[in-house]
Structure formats: structure tokens, C-alpha cells
1. Once both labels are modelled 7 Å past Cα along the beta-carbon direction, what's the Glu50-Glu136 spacing in nm?
2. Once the piece of chain linking Arg19 and Asp98 is laid out straight, how much longer is it, given 0.36 nm per residue of separation minus the C-alpha distance between them?
3. Rounded to the nearest whole Å³, what is the per residue volume of the convex hull around the Cα atoms of segment 3-72?
4. For segment 40-53, in order, what is each residue's ³J(HN,Hα) by Karplus, 6.51 cos²θ - 1.76 cosθ + 1.60 with θ = phi - 60°, in whole Hz (x at glycine and Pro)?
5. Mind giving me the nanometre distance, one decimal, between the label points for Glu12 and Lys26, set 7 Å out from Cα along Cα→Cβ?
6. Which distance in nm do the two modelled labels at Lys72 and Trp43 give, with both placed 7 Å along the Cα-to-Cβ direction?
7. If we count other beta carbons within 10 Å of each Cβ, what is the order of Val35, Val17, fewest first?
8. How much length is gained on full extension from Lys4 to Tyr120, taking 0.36 nm per residue of separation minus their Cα-Cα distance?
Amino acid sequence: MTVKEYNRSVEEYADSVYRFIRADLKDDERANDIVQDAYEKLWRHVTELEYPVVKSWLFSTAYHTMIDVIRKEKKISSVEEIAPDDLRYDTQYSDLNDILHEALSRIPEQQRSVVLLRDYEGYSYKEIGEITGLSEAQVKINIYRGRLALRDFIGKIEIII
């Protein structure tokens, strides 16, 4: 990859990678740091990579860096059994964005990441597997479970509207 292609990757992908990491961490500074780390690692491997694989390489690197940061801060908790009533939103409220973010914050990190990559960023199951290191079947299972949890939390559309 050339320096020109590296600079092009910054212009094309930095915002997407930032939004993906920011959606999980909800912290602008840490998200910026992780994106910078990903681009620093890309610079170290600039001679080894071809431009067509840069996008998935950046998302994968940023995702794994984010996981490392979370582990270092001891914020990863074991997957807990959550009572179904805790995952249900039953008061009337009209700000769908707040409800969705609240619902996303309540599902396990791995499910949240794959749902965001699939539904927000538009990646295929195979690409998500490459980014997260999961098999395609595990990706599908996590997306299914994450969507179920979101549906159960949000409940009926009449409650929201």
C-alpha cells in the first residue's frame, strides 16, 4: 500500500471506524484513541497490506483494540442472566433514539458489536466474522440473540409512539 492509499483510507474509513467504536464505548476520547491506535498499527503494516483489505483490517484492529481496552479497565463482565422484565421497556416515551441506545447498552458487548456491524454498518456475516474473529455461525447466533433482546426490551411499537 502506498502513502497515498493510506491517506485515502483515513479520509474514507476513519469516521466509520470511529462511529462503530463510539457506539460501543460511549466515550469520545477513548474512541478517538482506539481509532488512532488502529491507524498507527496500519502504518506499521503499510508495506504488508494491499488497499482492498484495509477497511476490514481497520475495523478488525479497532474492534480488538477496543476489547483489549475494556479488559484492561476490567469492564468486561461475564454474561449474566438478565430477568426478562429487566429487558422490557414499558413506559410511554417518544424518543426512539434514546430507547434504542438504552436497549443496546443492556445487551452483552459481543451481541451489541455484531448487531451494530450488521445493521448499522452493513457488513456481511462473513466480514463480521473476520472483524470479530467469530465463525459465521457464531455471528448469526449473536445477531439473532441481540435482536431478540432488543425486541423484548423495546416491546410493542404502541408503547413507544
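Coordinate-derived values only; no laboratory data. Bear in mind the structure is a predicted one, so any value in this text is a computation, not a measurement. Here the Cβ positions follow ideal geometry from the backbone for every residue, glycine too, while neighbour counts run over all protein chains shown.
1. Placing both labels 7 Å along Cα→Cβ, they lie 2.1 nm apart.
2. 26.8 nm
3. Spread over its residues, the Cα hull of segment 3-72 gives 77 Å³ apiece.
4. Once rounded to whole Hz, the list reads 5, 5, 4, 4, 5, 10, 4, 7, 8, 10, 9, 4, x, 9.
5. Label at Glu12, label at Lys26, 3.3 nm between them.
6. Modelled inter-label distance: 1.8 nm.
7. Val17, Val35
8. Working: separation 116, 0.36 × 116 = 41.76 nm, distance 2.83 nm.
Result: 38.9 nm gained on full extension.
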